[in-house]
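*Asks:* Have a look at this one before I ask anything.
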Amino acid sequence: MQLFPGLLDTDLIPDILQLYKQSTNQVTIKEKTTERFNVSHNRGLLLLSKYNDEEFKFIWDSIKDKLPEGTTVASNRILKYRTGGHFRRHVDGRKAGTSEQNVSLIIQLSDPSQHYVGGEMTVNDEFIDLQMGDAVAYWYGEPHEVKMIYSGGRYVVNLRLNIPD
């Protein structure tokens, strides 16, 4: 696990939330059209929204130089947790046959002191205190969770990254 304080310029957060609010119900990713919005029930309760590389280019361009050289994006998502939302303790799986060290990067978009109550994130049973623009990266296989949101809503960017060996 690695923390990245201030990884994202907070001036970009309104643009990211605007992208989310204006998104259509379908998205084309790698020449395949799919539903953009999916409610996750299997490990918790949240709304997962998918984006293609072009839509997330302004985000990637603003952070890529702060990440290890050669890092590439496997998928772009925004996660929305509303009251009652949570993500049970789990581990992300590494894709079979890949040589990359697969990593999840979570970038905090919401202000935890103003936008929601609850929603604490843990990685390896360690509380992760993220403020707007902060990020945490954790390897696939590291247990993590988001506790229940008691009121309000929490938004994060979730990038699935490939970091070369």
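The values are calculated or read from the model by the stated rules, or taken from the named source; none is laboratory data. Computed from a predicted model, the values in this text were never measured in an experiment. Note that each Cβ is placed from the backbone with ideal geometry, even for glycine, and that neighbours are counted across all protein chains shown. Only protein heavy atoms, including side chains, enter the accessible area calculation; ligands, DNA and RNA are left aside. Shrake-Rupley method; radii C 1.70, N 1.55, O 1.52, S 1.80 Å.
*Asks:* Determine whether the range 132-150 contains at least one residue that is modelled with pLDDT of 95 or more, basic (Lys, Arg) and part of a loop (DSSP other than H, G, I, E, B).
*Replies:* yes
*Asks:* From the list 53, 61, 9, 65, exactly one residue is surrounded by 13 or more Cβ atoms within 10 Å (Cβ to Cβ), more than 23 Å from residue 117 (Cα to Cα), at pLDDT 95 or above and not small (Gly, Ala, Ser). Which is it? Write out each step before concluding.
*Replies:* Values: 61 fails: surrounded by 13 or more Cβ atoms within 10 Å (Cβ to Cβ); 9 fails: surrounded by 13 or more Cβ atoms within 10 Å (Cβ to Cβ); 65 fails: surrounded by 13 or more Cβ atoms within 10 Å (Cβ to Cβ).
Step by step, each of 53, 61, 9, 65 is checked, and only 53 is surrounded by 13 or more Cβ atoms within 10 Å (Cβ to Cβ), more than 23 Å from residue 117 (Cα to Cα), at pLDDT 95 or above and not small (Gly, Ala, Ser).
*Asks:* Test residue 15 against the criterion of being among the acidic types (Asp, Glu), open to solvent by 40 Å² or more (accessible area, probe 1.4 Å) and within 20 Å of residue 137 (Cβ to Cβ), and give yes or no. So that I can check it myself, show each step before the final result.
*Replies:* Values: among the acidic types (Asp, Glu): yes; open to solvent by 40 Å² or more (accessible area, probe 1.4 Å): yes; within 20 Å of residue 137 (Cβ to Cβ): no.
For residue 15, the condition - among the acidic types (Asp, Glu), open to solvent by 40 Å² or more (accessible area, probe 1.4 Å) and within 20 Å of residue 137 (Cβ to Cβ) - is not met.
*Asks:* Just checking, which of 93, 44 is surrounded by fewer than 12 Cβ atoms within 10 Å (Cβ to Cβ) and in contact (Cβ under 8 Å) with a residue 12 or more places away in the chain? I'd like the intermediate steps shown before the answer.
*Replies:* Details: 44 fails: surrounded by fewer than 12 Cβ atoms within 10 Å (Cβ to Cβ).
The conditions single out 93.
One line per residue, one yes/no per condition, for (1) assigned to a helix (DSSP H, G or I); (2) of a type in the set (Val, Ile, Thr):
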site	(1), (2)
8	no, no
13	yes, yes
19	yes, no
28	no, yes
39	no, yes
49	no, no
53	no, no
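*Asks:* When you go through 117, 156 one by one, which is the residue that is part of a strand (DSSP E or B), touching a strand residue (DSSP E or B) at 6+ places or on another chain (Cβ under 9 Å), β-branched (Val, Ile, Thr) and under 21 Å from residue 74 (Cβ atoms)? Let's see the steps before the verdict.
*Replies:* Working: 117 fails: under 21 Å from residue 74 (Cβ atoms).
Just one listed residue meets the conditions, 156.
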